[in-house]
Amino acid sequence: MAHLTPADHPPRPVLLVDRHAERRELHALRDRERPALALLTGRRRVGKTFLLTHAWEADHLFLFTAARTTPELNRRQLLHDLVAWTGEALDPADYPSWRTVFRLLIDVATHRAAGDPPRPTVLVLDEFQYLADGEAGVAAVASELNAVWEGRALTRPAGGRLPLLLVLAGSAVTTMEALAGGGSPLYGRFDWQHTLEPFTYDFAADLAAFGPVRDRALAYGVFGGTPRYLAAIDPRRSLAENATDLLLSPRGEVRLLVETALDQEEGLRDVPKYRAVLRAVADGCTGRNEIAQRAGLANDHGLREKLATLIALGYLEERRNVDAKPNEAIRYQIADAAFRFYHRFVAPNASLLERYPAAQVWETAVAPHVDTYMGLELERIATQAYDRRVAGLHLPLVQRWGRWEGVDRLRRSLEIDLVAALADGRWMTGAVKWDHHPIGAGVHHDHLEMLRRAADAGRAWAHAALAPDAPLYYVAAGGFTDAFRRAVDASERPAMLWSLEELYATDDPAAAPA
């Protein structure tokens, strides 16, 4: 495997990928007649700071990023940064409390925004949770901010404009979201609130811009949608080289980020136990009792809290059949693709990776299993692809996505990749195949047969999915044979048949009316 040095390639341009809706909405808030208060949250490395620093012209923005240190040091640093922004000397002794600091900050911004002509101004307090110790402290700081905001920022010259936007941002999602909750001093004050999510597969491809679409899909399956992980990819090198150097290597940039992610989360105690839970789920222990046994933990309230925390942080997700009853056991799975890949291929091969070149481990212990691994990843891509093309293709709205695993009346296994409850009351089902060659008609016939077996076993949704007007949705990485297309046409059912090339096409793929 050839390895290229940084000098072999020019630096990649800085891109603001996706986030068009967020940028448009934030600009509208900044440019309106009166001041606005916004709240932006999201897990670490999802791109909050990048968005906030690239959404505006530099001379319109004051951004302070609090550090994981004491509130006093953050107060002094904010004043230091404000001096650099205004060019005016300030003595920290004159601003001994957060209220005095916030009053100064908003006064300076108001003066700029209310000038002649008005100058749209944005203030960003990033990692706001570090301005205090603990949730109670954050609430106290928020109370100080609210007192100043209510008393000063909402006034403007008679008949004049005051285009001022204050953004509070942070990665301690629970703590930050509590700022907008009932009982918070800022409750009801926010004009805009948003949680920034990882990229979907199509926007991830803007950073993982490999030529072959299969490699773009593989990159999403390996690195997921976290912008910080994707930014490390060099698409001028092969997918295998990137995965080897960034995730498999003991010194890999993305590997180190994944391995330290839980350590960076606010408020997590007993981090090794959280890691053990993730490893157990990655090993296939999807039920709570199985997780407890594999991780060596008690199946008690503490474990339930850990699972709920990992879900809130975006590391785990619940998985249930679409017709599951409320009292049925919840199944868990890794929600983040980079973590799935890490726990599937990196952690189990840690000893090999210490002893042998990462490229050799990729060839012998990873590459032979990637196609199997990508089956579930393509299911995720398939649901995202459908949702993003609903408007352009006038497709029926999906109320909820799912899959179904169970047995028929003879206790034979059944597994249906895609089961979607549509908003119009119908059910859409389908199959997803990560094949290298076009799939044949047998896949379509097998799918209908599984629906019939599920219907015979008393599954109401399967009965509905066999109706003549119930849509079919097939995604095949290698495309479809003519025999497959003829078989689907013969069923006279509304159907979508999308290959990888169609999933990544800039225009909408063809689809039968549904």
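Considering Cα pairs under 8 angstrom that are at least six residues apart, work out the relative contact order of the stretch 410-492 and quote it in whole percent. Walk me through the intermediate numbers first.
Working: 115 pairs, mean separation 30.6, N = 83.
After rounding, I find 37 percent.
In terms of the Cα gyration tensor, with a ≥ b ≥ c the square roots of its eigenvalues, is the stretch 388-436 rounded because a/c is under 1.5, prolate because a/b exceeds b/c, or oblate? Don't skip to the answer; put the middle values down first.
Numbers: a/c = 3.76, a/b = 1.63, b/c = 2.30.
Judged from the Cα gyration tensor, the stretch 388-436 comes out oblate (a/c at least 1.5, b/c at or above a/b).
Have a look at 310, 326, 284 and report the one farthest towards the positive end of the charge dipole of the stretch 248-340, computed about the Cα centre with Cβ charges (Lys/Arg +1, Asp/Glu -1).
Looking along the dipole axis, the top candidate is 284.
Considering only DSSP beta bridges whose two residues both sit in the chain, what percent are antiparallel, to the nearest 5?
Counting only bridges with both partners in the chain, antiparallel ones make up about 35 percent.
As I understand it, the dipole of the stretch 21-64 uses +1 on the Cβ of Lys and Arg and -1 on the Cβ of Asp and Glu, about the Cα centre. Which of 49, 29, 60 lies farthest toward its positive end?
It is 49, whose Cα lies furthest towards the positive end.
Would you indicate which of (i) -0.31, -0.66, -1.06; (ii) -0.28, -0.65, -1.20; (iii) -0.35, -0.78, -1.22 is the value of log10 I(q)/I(0) by the Debye sum over Cα atoms at q = 0.06, 0.09, 0.12 Å⁻¹ derived from the coordinates of this structure?
Label (iii) holds the value from this structure.
For the chain, what is the charge dipole size about the Cα centre, in debye to the nearest 20, if Lys and Arg each add +1 at the Cβ and Asp and Glu each add -1 at the Cβ?
Details: 60 positive and 68 negative charges, 142 e Å.
Around 680 debye, computed over the chain.
Which value at 222 nm does the chain reach when only helices count, each DSSP H run of 4 or more adding -39,500 (n - 2.57), with the total divided by all residues and rounded to the nearest 500 deg cm²/dmol? Could the numbers behind the result be given before it?
Numbers: 23 runs with 217 residues, N = 514.
Dividing the helical sum by the residues of the chain leaves -12000 deg cm²/dmol.
Which of the lysines could be linked to residue 306 by a straight reach, that is with a Cα gap under 16 Å, when you skip same-chain ones fewer than 8 residues away?
Partners within reach: 273.
Only helices at least 18 Å long along their own axis, judged from Cα atoms, and with Kyte-Doolittle mean hydropathy of 0.0 or greater: name those in the chain from DSSP H. If you can, show how the numbers build up before the last one.
Details: long enough: 71-86 (22 Å, -0.51); 98-113 (22 Å, 0.27); 134-148 (22 Å, 0.89); 370-388 (26 Å, -0.48); 441-456 (23 Å, -0.65).
Qualifying helices: 98-113, 134-148.
Quick check for me: using +1 on Lys/Arg Cβ and -1 on Asp/Glu Cβ, what's the dipole size of the stretch 258-410 about its Cα centre, in debye to the nearest 20?
Details: 21 positive and 22 negative charges, 65 e Å.
Magnitude of the dipole: close to 320 debye.
Which of rounded, prolate or oblate describes the stretch 185-284 when judged by the alpha-carbon gyration tensor and an a/c cut-off of 1.5? Walk me through the numbers before you get to the answer.
Values: a/c = 2.36, a/b = 1.29, b/c = 1.83.
Taking the square roots of the gyration eigenvalues as a ≥ b ≥ c, the stretch 185-284 is oblate.
Among 80-89, 213-222, how do they line up from the highest to the lowest mean number of other beta-carbon atoms within 10 Å? Don't skip to the end; give the middle numbers.
Values: 80-89: 12.1, 213-222: 23.1.
Taking the mean over residues of other Cβ atoms within 10 Å, the ranking is 213-222, 80-89.
When the accessible area of the chain is computed with all protein chains present and a 1.4 Å probe, what percentage of it is carbon and sulfur? Don't skip to the answer; put the middle values down first.
Values: 11740 of 23170 Å².
Carbon and sulfur atoms account for 51 percent of the accessible area of the chain.
If the reach is capped at under 15 angstrom between alpha carbons, list the aspartates and glutamates near residue 325, excluding any in the same chain fewer than eight residues apart.
Residue 325 reaches 405.
State, as an integer percentage, the relative contact order of the chain based on alpha-carbon contacts under 8 Å between residues 6 or more apart.
Working: 785 pairs, mean separation 56.8, N = 514.
Once normalised by length, the contact order is 11 percent.
Could you please state, rounded to a whole Å, how far the C-alpha centre of the stretch 49-101 is from the C-alpha centre of the stretch 452-481?
A separation of 57 Å, based on Cα centres.
The values are calculated or read from the model by the stated rules, or taken from the named source; none is laboratory data. Fair warning: this is a prediction, and the values are worked out from it, not measured in the lab. As a convention, Cβ positions derive from the backbone with ideal geometry for all residues, glycine included, and neighbour counts pool all protein chains shown. Each accessible area value is taken on the protein alone, full model and side chains, heavy atoms only, with ligands, DNA and RNA left out. Shrake-Rupley method; radii C 1.70, N 1.55, O 1.52, S 1.80 Å.
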